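Worksheet: the structure to be examined is printed underneath.
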Amino acid sequence: MTTRIVVLGAGYAGLPAARRLINRLGDAADVTVVSASPSFVERPRLHQTATGQRLRELPLAGLVGGPRGGSLIVGRIGDIDLAGRRVRVQARDGERTLGYDVLVYALGSTVDVRAVPGVAAHAHTLSGAGSAERLSGALATASPGSTVAVCGGGLCGIEMAAELAESRPDLRVLLASRTEPGAWQAPRARRYLRRAFDRLGVEVLAGAEVREVAEDALVLAGDRRVPYDLCVWAGGFTVPSLARDAGLAVDDQGRIVVDETLRSVSHPEVYAIGDAAAVPGPWGAALAYGCRTGSFTAPCAADAIADRLAGRTPRSFRFRYFHECVSLGRRDAFIQFLHADQTPSRWVLTGRLAVWYKNIVLDSAKVVFRHPGPYTPRRRPAARPAEPAPLAS
Ligand SMILES: Cc1cc2nc3c(=O)[nH]c(=O)nc-3n(C[C@H](O)[C@H](O)[C@H](O)COP(=O)(O)OP(=O)(O)OC[C@H]3O[C@@H](n4cnc5c(N)ncnc54)[C@H](O)[C@@H]3O)c2cc1C
């Protein structure tokens, strides 16, 4: 009997996990991937979409399917019935109910539009391809001299402000941030960033605690108003409420709490990976939102599932941070190298070499989608009974 594995999401986590499961389990499993979008959404390049650049499309059908592949369902997940082991999907051709023996939850994150009043009503975001295209449309009609306020001094805010200033020097780009942008980085990276913003003409409003996004102005602490023509909110990520609503154990941000093999602590037939999971790092805190979390958790979860189905003890997840790649438009970037626990080291790569480095990192993720390993031979498990649950540890 084959094991039914349903993978929810086809981003940096879901896609390589599905491919690796297909490689490892072959005919012993039916792998079905559900994604809201028919193509892979390269979220770290959404600021390029927002500034009118066309990205190469990567249809999921070609990555998931194929002669030895799995099935792809394009649709939105309605709800998860954990007791009945079913997922309801609103697919293009109507509602579908998918039964599973093992569920891999990889629904990623979105921009948190509830962080501050007015964001959902008045600000643009870079949550997904649709929101980036809407921002692109709005920017295309912005007249010269218009003020675009980008809120958030984290990576998304920095990259968005720089990309916009480079591609639209006729606009006034204002970056409002609670702290100095990139405050957590090494002094050399911060100096480089300040010089890049000066060169690009990005005005930085540091120490700005945005209390509300009104229709035409940011309202800061002390009721100070900063007028804008267009606002982009990059104030942080959150996760969909689907996991919490279903009854999975989640942390205070709604991320699924997992053990060292990325298995839900409340439901052993569910694995969670990528941004959707609260994965404990060896230094204590959960891993940060990021593609690398997805790329590293995916193979570990796929291997844990395959190992358990074969009656083997899975390996624990191991992780260390290595770098943070920050683009500053198309011609400049910097790479902040990190210690294992994400604290910055003193090594920083800048300029054209950093642009090249970041492109290689992003492109190599897409190579892994096609060749997700394992790269060393492993024994395939024998066919398992249809109901393997509860899965033995
Ligand atoms: C502008 C921007 C720049 C970024 N830059 C970087 C960077 O430089 N470095 C870095 O490490 N990270 C960066 N990130 C973060 C990175 O993109 C995410 O952390 C990463 O995409 C998370 O991978 P994931 O697989 O967990 O989720 P995602 O890549 O978000 O994939 C989620 C999947 O779930 C699907 N999905 C979601 N909800 C539903 C639903 N209800 N029904 C059906 N399908 C659904 C989606 O269609 C998608 O297939 C950036 C993000 C943004 C927005």
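The values are calculated or read from the model by the stated rules, or taken from the named source; none is laboratory data. As the structure is a computational prediction, the values presented were derived from the model and not from experiment. Cβ atoms come from the backbone with ideal geometry, glycine included; neighbour counts cover every protein chain shown.
Would you mind finding the one in Gly152, Gly66, Gly137, Gly118 that is surrounded by fewer than 16 Cβ atoms within 10 Å (Cβ to Cβ), among the small types (Gly, Ala, Ser) and either touching a His at 6+ places or on another chain (Cβ under 6 Å) or at positive phi (or both)? Matching residue, one of Gly152, Gly66, Gly137, Gly118: Gly66.
Residues are listed down the side, and each one gets a yes or a no for (1) hydrophobic (A, V, I, L, M, F, W, C); (2) assigned by TED's automatic domain parsing to the domain that holds Ser295; (3) more than 8 Å from the ligand (Cβ to nearest atom):
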residue	(1), (2), (3)
Ala28	yes, yes, yes
Val34	yes, yes, no
Pro38	no, yes, yes
Arg45	no, yes, no
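With respect to the conditions (1) more than 16 Å from the ligand (Cβ to nearest atom); (2) farther than 26 Å from Pro44 by Cα; (3) among the hydroxyl-bearing types (Ser, Thr, Tyr), Tyr228 lacks only one, and its number is (2).
From the list Leu107, Leu174, the one residue that fits, being within 16 Å of the ligand (Cβ to nearest atom) and hydrophobic (A, V, I, L, M, F, W, C), is Leu107. The test for being farther than 25 Å from Gln342 by Cα and in the same structural domain as Ser131 (by TED's automatic domain parsing) does not hold for Asp245. For the range 230-263, residues that are under 19 Å from Ala302 (Cβ atoms), out of contact with any Pro (no Cβ under 7 Å at 6 or more places or on another chain) and touching a residue at least 40 places away in the same chain (Cβ under 8 Å) total 4.
Is one or more of the residues making up the range 360-378 under 20 Å from Arg43 (Cα atoms) and among the small types (Gly, Ala, Ser)? Yes, some residue in the range 360-378 is under 20 Å from Arg43 (Cα atoms) and among the small types (Gly, Ala, Ser). Within the range 121-134, restricting attention to residues that are surrounded by fewer than 23 Cβ atoms within 10 Å (Cβ to Cβ) and over 18 Å from the mean Cα position of the chain (by Cα), which residue is nearest to the ligand (Cβ to nearest atom)? Per the stated criteria, the residue is Arg134. Applying the set (1) modelled with pLDDT of 95 or more; (2) surrounded by fewer than 20 Cβ atoms within 10 Å (Cβ to Cβ); (3) within 14 Å of the ligand (Cβ to nearest atom) to Arg92 leaves exactly one unmet item: (1). Here Arg384 meets each of (1) buried (at least 18 other Cβ atoms within 10 Å of the Cβ); (2) at pLDDT below 95; (3) within 16 Å of the ligand (Cβ to nearest atom); (4) not assigned by TED's automatic domain parsing to the domain that holds Ala17 with one exception, condition (3).
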